[in-house]
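Right, one structure below, let's go through it.
The values are calculated or read from the model by the stated rules, or taken from the named source; none is laboratory data. Note that the structure is predicted; figures quoted are calculated from it, not measured. Because the Cβ atoms are built from the backbone with ideal geometry, glycine has one as well, and the counts that use them run over all protein chains shown. In case anyone asks, the SASA skips ligands and DNA or RNA and just uses the protein heavy atoms, side chains included. Shrake-Rupley method; radii C 1.70, N 1.55, O 1.52, S 1.80 Å.
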Amino acid sequence: MMPRSAASHALALPVLPTKAGSRQGAPRRAAAALGLGAVALAALAALSGAASGKLPFPIDFGFLWSPAGFPIVDSVLPFSPEDSYFRALLTGWTNTVFVSLLSCMLAILIGVLLGVLAESRVAIIRQFIAGYRLLFRNTPILLQLLFWYALLQRLPPLRQSLDLSGLVLLSQKGLAIPAPFTERPASLGLAALLALLLLVAGWRGTRRFDDAPVLKARLRGGLLLGCLLMAAIGIALSGPQWSMPAIVGFGYRGGAVVTPEFAATLLTLTLYSGAFIAESVRGGIASIPVGQWDAGHSLGLTRWQAMRLIVLPQIVKLVAPPVISQCVSTVKNSGIAVAIGYPELLLATTAAISHSGRAIECFSLLMIGYLIPSLALGALLERLQKRAALPSAPGKLP
Amino acid sequence: MSVVPSSQPLVGAAPRPDGILRLWRLLRSHPLSAACYVVAALLWGPDLVRWSVTEAVFTGDAASCRIAAGVCWAFIGEKSNIFLFGLYPQTELWRAQSALLLLVVAIAVSLVPVFWRRGLMAAWVGIAGLIAWLLIGGLGLTPVSPLQIGGLMLSLILSASSFALGVPLGTVLAIGRRHGGPVLGRGCVAFIETVRSIPTIALLFMASILAPQLLPAAIAPSKLVCALAVFLLASSVYCAEAIRGGMESVGEGQREAGRALGLSPALIVALIVIPQAMRSAVPSLGNIAVAFFKETTLVGIIGMYDFVGAIEVSSKDSAWLGFDMEGYAFAFAFYFFVCYLMTRYTLWIERSFSYKA
């Protein structure tokens, strides 16, 4: 008989169940969410079958492969009305991910810049940044989107487009710029893929030189140059040409068009998230003890050098969780683009529903579409936390 | 030349002066910024005053607004009924006005800690019923379709009810998540994570499209009820997360003390954990309240006219075309003012009621 351990002599505390909390991992939460989704779907199927008197199996995803019948003009993936419903939803999802990713990156740039400047010694800069943060955090994001869109609609109409140096056209319908295209996309794609694979494989290979940093840096530099050269050769071999924009009929033909819907969505999401990220960065910098700044001063560093070399590397760990959760919010906020007609996932879903009548199927795909980026970002955060050995919340024991 | 961030006062420095003396100290210590402000005021000040006050139109019609070079404040005055009450029928406007007054007074009274007693909850139930009767009609008053409720009235109703009911529901969810056992706990986690991953606007669309399809026609809810249900769901999920954070910040020693007193786990949670968790969760709950006040603008996309929707509709009136910027400026100013006040209030509550560390 094993002697009872000291712990079991203690008070018999109520054993609280394992918290399925933030440290238990994204895969478990994903499974839980998808399981709940499946149960809910089955319940809805039964309900709608009961309500409409038909068989309780009206959920039918077969319609996804029939032609959609509605156009999506402004998108990353090319789409025509003969393409399937599935491709329509995929196009919408790609648009959502594209605009969210781009605005997250820009928002991080702006947020870090403004967060660093928020503690500047020049009072007017501090006050302007405080004003920007206050204004963009205290107003609804939909209102900001409508405002920017209304402002962009004040550009001249299509027929009187502003013609900048003959190459770029700007009007209410958007900004048309010359776009490169190639008649041999396969060779370009192959070259790019080879270059990328070489880069990734070689990068990991240089890890073995971790104890010789100069050699590692030179190897990596050489690798990067080699891959760029390979990509350049691939581009040259595929015979690039330029397509120039022109006004044809009621729109632009040729070139690439940045529509006002896309621009307004990008601008709104970037400025809104940038305000929140600036606040996080500012809080992170303020939480660094004054001793760190004094140490930098005693080493003879200027304020900017102390910021760059001592303070910023320390706040990266602190600021990563709120920044990533702000990226998740950005993906969700991209849904407001419905109000101005940018064809992201929500608009594509509503169009698919109005054309096919399949509400439950389309909405379940919508939920999966929004779950994928937020779970991916959550997994990224867990990976970063594990790597940096962060506590799950600042100041708490892990 | 110090490398200390300038917002942190040095230890032992003189206390900051107030009022006009502070302004003078500021100007003297930051001459560059002061110079920028003075130059900006000289360059643009007179133009700004002329544009917004001297040449602005305060009363009048669209024609006089178009002639004038300044801001058309008359647009806001003319359309104020739509901004406040949406497309409510003009003959019954007194009902909307009294309902709005009642709601604003009730909210103002509830913010003052002196009135925080049990009677307040009973009073709110009565007030909610009274407001519903005034707006929708029924016994004794001519019925008005719920879709005609709009403007600021709608924004306030949606945000107040979603937050007020979201906090207790969120508490239930948080307790279920933490103490619910393997099945209920995981179910709560899945529910919370799913609803948090989906944007509120997608939830609104889902509710407004699926509700008529799934529920029999007799009890199919109107868009207002759908929107209320969705906001309630979303706010309860966010409040659940905030309260869970508060619960985790209550030390284990508190629970052990409750156990030592012989309390059951349910009583420990109710009497010891939740009161302390609420105090810790006040900042997060304040943020949620502000966020939901801003989120009520989303109902404009499913076809209801809240404050921003009413401004959009007014600016498309053919008699008053071209004054949308005044409408947007008014909306910006209003939301900024109210949200700023809400955040200050949250800070005050946090300071007054938090435990001194």
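The range A:99-175 and the range A:184-222 have Cα centres spaced 36 Å apart. Compute the Cα gyration tensor for the range B:117-247, then decide on rounded, prolate or oblate, letting a ≥ b ≥ c be the square roots of its eigenvalues: rounded whenever a/c is under 1.5, prolate when a/b is larger than b/c in the other cases, and oblate in all that remain. Because a/c hits 1.5 or more and a/b fails to exceed b/c, the range B:117-247 counts as oblate. The simple spin-label model puts a point 7 Å past each Cα toward its Cβ; for A:Met105 and A:Asp60 those points are separated by 4.3 nm.
Only protein heavy atoms count here; under a 1.4 Å probe, B:Arg186 has an accessible surface of about 120 Å². For chain B, the cysteines with no partner cysteine C-beta closer than 4.7 Å are B:Cys36, B:Cys188, B:Cys226, B:Cys239, B:Cys339. Phi angles across the range A:244-260 convert, under the Karplus curve 6.51 cos²θ - 1.76 cosθ + 1.60 with θ = phi - 60°, into 3J(HN,Hα) values of 8, x, 8, 8, 10, x, 9, x, 8, 10, x, x, 10, 10, 9, 6, x Hz, Gly and Pro given as x.
For chain B, the square roots a ≥ b ≥ c of the C-alpha gyration tensor eigenvalues yield an a/c of 1.5 or more together with a/b not exceeding b/c, which makes the shape oblate.
How many angstrom separate the Cα center of the range B:36-80 from the Cα center of the range B:270-315? Cα centroid to Cα centroid, the span is 33 Å. Shown is the FRET efficiency for A:Gln160 and A:Met244, computed with R0 = 25 Å from the Cβ-Cβ distance and rounded to the nearest 0.05: 0.85.
Electrostatic tally near A:Thr94: other residues with Cβ closer than 15 Å to its Cβ, Lys and Arg +1, Asp and Glu -1, net -2.
Summing charges over neighbours of B:Val338, with a neighbour being any other residue whose Cβ is under 12 Å away from its Cβ, gives +2 when K and R count +1 and D and E count -1.
Label the protein assembly as shown by shape, choosing from rounded, prolate and oblate, from the square roots a ≥ b ≥ c of the eigenvalues of the Cα gyration tensor; if a/c is under 1.5 it is rounded, and otherwise prolate applies when a/b is larger than b/c, oblate when it is not. It is rounded, given that a/c, with a ≥ b ≥ c, falls under 1.5.
The residues of the protein assembly as shown have, on average, 53 Å² of accessible surface per residue, using a 1.4 Å probe with all protein chains present.
For the segment A:126-138, counting C-beta atoms of other chains within 10 Å of every residue's C-beta and taking the mean gives 3.
DSSP finds beta bridges in the protein assembly as shown, and of those with both partners inside it, around 90 percent are antiparallel. Computed over protein heavy atoms with a 1.4 Å probe, the carbon and sulfur contribution to the accessible area of the protein assembly as shown reaches 71%. Between chain B and chain A, the total buried accessible area stands at approximately 5800 Å², from heavy atoms with a 1.4 Å probe. Given the options B:Tyr88, B:Tyr340, B:Tyr37, which has the most mean-square fluctuation in a GNM of chain B, springs set between C-alpha atoms less than 10 angstrom apart? Sorting by GNM fluctuation, first place goes to B:Tyr37. Using alpha carbon centroids, what distance separates the range B:238-257 and the range A:325-358, in Å? Distance between centres, Cα-based: 36 Å.
Counts of other chain beta carbons within 10 angstrom of each beta carbon in peptide B:200-210 average 6.
A cut-off under 12 angstrom between Cβ atoms defines the neighbours of A:Pro343, and their net charge, with Lys, Arg +1 and Asp, Glu -1, is -3. Taking B:Ala329, B:Ala106, B:Ala217 as the candidate residues, the one with maximal mean-square fluctuation in a Gaussian network model of chain B, Cα springs under 10 Å, is B:Ala217.
Its relative contact order, with pairs defined as Cα atoms under 8 Å and 6+ residues apart, puts chain B at 18 percent.
Pairs of lysines in the protein assembly as shown whose Cα atoms sit within less than 17 Å of one another amount to 6, provided the residues are eight or more positions apart or on different chains.
Label-to-label distance for B:Gln213 and A:Leu228 is 5.2 nm, based on points extended 7 Å past Cα in the beta-carbon direction. For A:Arg208 and A:Leu77, a Förster radius of 45 Å and the Cβ-Cβ distance give a FRET efficiency of 0.65, rounded to the nearest 0.05. Take the Cβ atoms of B:Ala257 and B:Phe353, set R0 to 22 Å, and the FRET efficiency comes out at 0.55. Highest mobility in the GNM of chain B, judged by mean-square fluctuation with C-alpha springs under 10 Å and restricted to B:Pro146, B:Pro182, B:Pro212, is found for B:Pro182. Shielding of peptide A:286-296 by partners, expressed as the average count of other chain Cβ atoms within 10 Å per residue Cβ, is 2.
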